[in-house]
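These notes are about the structure you will find just below.
Every number in this text was worked out from the coordinates using simple rules, so none of it is lab data. Quantities reported herein were computed from a predicted structural model and do not represent experimental measurements. Ideal geometry is used to build each Cβ from the backbone, glycine not excepted, and the neighbour counts take in all protein chains shown.
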Amino acid sequence: MNLKQSWRNQLWPLRIMRIWLGVTWIYAGFDKASDPGFLKAGSSTFIGTQLSAFSVNSPIGLIFNKLIENSTQVGIFIMLAEFSIGAATLLWIAPTWAAFGGFAMSLTLWLASTWNVKPYFLASNSAYTILWLSYFLFLYGSRRRSKVSLDRRGFIRGSTVAAIAIAGAGLGRVFPKSVPGASSGPKNIIKDAVVKVGQTHNFVSKAGTPAVLFRTKNGIFAYSAVCTHQGCTVQFNSAAENLQCPCHGAVFDPFNEAKVVTGPTNTALPKIKVATEGAWIVEA
Ligand code: FES
């Protein structure tokens with residue numbers, strides 16, 4: 001069945017499903033491609049930071065823990081897969097495989113990032129999983145499978161999807177999103193009176209990366225919370241009085257210039273310039 005027939009032969013409920021899923025998946029790919037921080041270690045939207053959060057909160061966290069080592073490759077794969085699934089769905093290229101890919105991806109995202117959302121129906125990934133599953137089962141059941149074969153037509157169709165995915169990713173790089181919070185002037189972090197001696201405060205730096213502020217009896221100071229090993233987010237452990245990375249166990253001493261205490265890196269956490277200005281603590 002060609003593209004025109006595929007649209008003509010589908011009932012309206014399926015057309016709506018197909019348009020919504022196809023467009024959403026292409027948009028999701030473009031959103032990642034146009035995000036300057038998605039493949040940049042240290043950014044708050046870095047795929048490695050997301051994988052590290054998944055490794056702690058997901059029931060299949062062990063898998064994500066293994067993937068952190070290859071965060072950039074995983075990010076590129078996800079981005080191209082989203083473009084490919086969206087384009088293949090809209091253009092009727094291996095539509096059953098595309099629908100299965102969409103289902104597998106939604107299910108993984110559900111388990112990864114929104115498994116703990118209560119009630120479950122507030123997590124959009126649960127709805128996408130069921131939507132893709134229904135669409136896949138319909139295509140499978142009505143025997144409209146379109147296998148990717150190595151004949152000339154199959155090769156051309158497969159190449160079309162690959163070309164769209166690569167072009168989409170390239171387009172996202174050409175038109176990057178603006179980075180929220182990036183500015184040259186001082187940025188308010190928190191009201192001075194809120195942070196007492198002995199307390200810490202997590203915040204997002206002007207560069208859009210996670211950071212942590214300390215107040216001791218000697219004053220205030222802050223560090224980037226981006227691990228200098230592979231970009232996971234470190235957390236302050238108040239019992240041990242150090243900053244710990246959940247990914248590969250690096251430990252930093254915030255009371256000694258954030259130098260490395262142990263772990264697979266030799267680089268201290270970068271310092272962030274903070275000061276009090278009126279009633280606020282600001283990042284200079
Ligand atoms: S990312 Fe490996 S120890 Fe932090």
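Can you tell me which lysines have their Cα less than 18 Å from the Cα of K32? Leave out same-chain residues fewer than eight positions away.
K32 reaches K40, K177.
Please identify the DSSP H helices in the chain that span no less than 27 Å along the helix axis (Cα) and have a mean Kyte-Doolittle hydropathy of -1.0 or more.
Long hydrophobic helices here: 12-33, 71-91, 152-174.
Summing -39500 (n - 2.57) over the DSSP H runs of n ≥ 4 in the chain and dividing by its residue number, what mean residue ellipticity at 222 nm do you reach, to the nearest 500 deg cm²/dmol?
The per-residue figure over the chain is -15000 deg cm²/dmol.
Please turn the phi angles of segment 196-204 into ³J(HN,Hα) values with the Karplus equation 6.51 cos²θ - 1.76 cosθ + 1.60 (θ = phi - 60°), one per residue in order, whole Hz, x for glycine and proline.
Karplus-based 3J(HN,Hα) across segment 196-204 equals 8, 4, x, 9, 10, 8, 7, 8, 9 Hz.
How far apart, in nanometres, would the label points at T267 and W20 be if each is projected 7 angstrom from Cα along the Cα-to-Cβ direction?
Distance between the two pseudo-spin positions: 4.5 nm.
Please find, in a Gaussian network model of the chain (springs between Cα atoms separated by less than 10 Å), the residue of F175, F255, F121 whose mean-square fluctuation is greatest.
Residue with maximal mean-square fluctuation among F175, F255, F121: F121.
Take R157, R8 and order them by how many other Cβ atoms sit within 10 Å, fewest up front.
Fewest to most other Cβ atoms nearby, the residues stand as R8, R157.
When the chain is modelled as a GNM with alpha-carbon springs shorter than 10 Å, which of A258, A123, A88 fluctuates the most?
Looking only at A258, A123, A88, the largest GNM fluctuation is found for A123.
Place the peptides 188-201, 224-237, 60-73, 104-117 in order of packing, highest mean first, counting for every residue the other Cβ atoms within 10 Å and averaging per peptide.
Result, highest mean Cβ count within 10 Å first: 224-237, 104-117, 60-73, 188-201.
Mind listing the long-range amide H neighbours of I272? Cut-off is under 5 Å, sequence gap 5 or more, other chains count too, H placed in the peptide plane at 1.01 Å from N.
A222, Y223, S224
Charges on Cβ only, +1 for Lys and Arg, -1 for Asp and Glu, centred on the Cα centroid of segment 3-174; of T72, Y128, T49, which one is farthest towards the dipole's positive end?
Y128
For segment 113-133 and segment 219-284, what is the centre-to-centre distance using only Cα atoms, to the nearest Å?
34
Using Cα positions and a limit of under 17 Å, work out the lysines in reach of K259, with same-chain residues fewer than 8 apart set aside.
K271, K273
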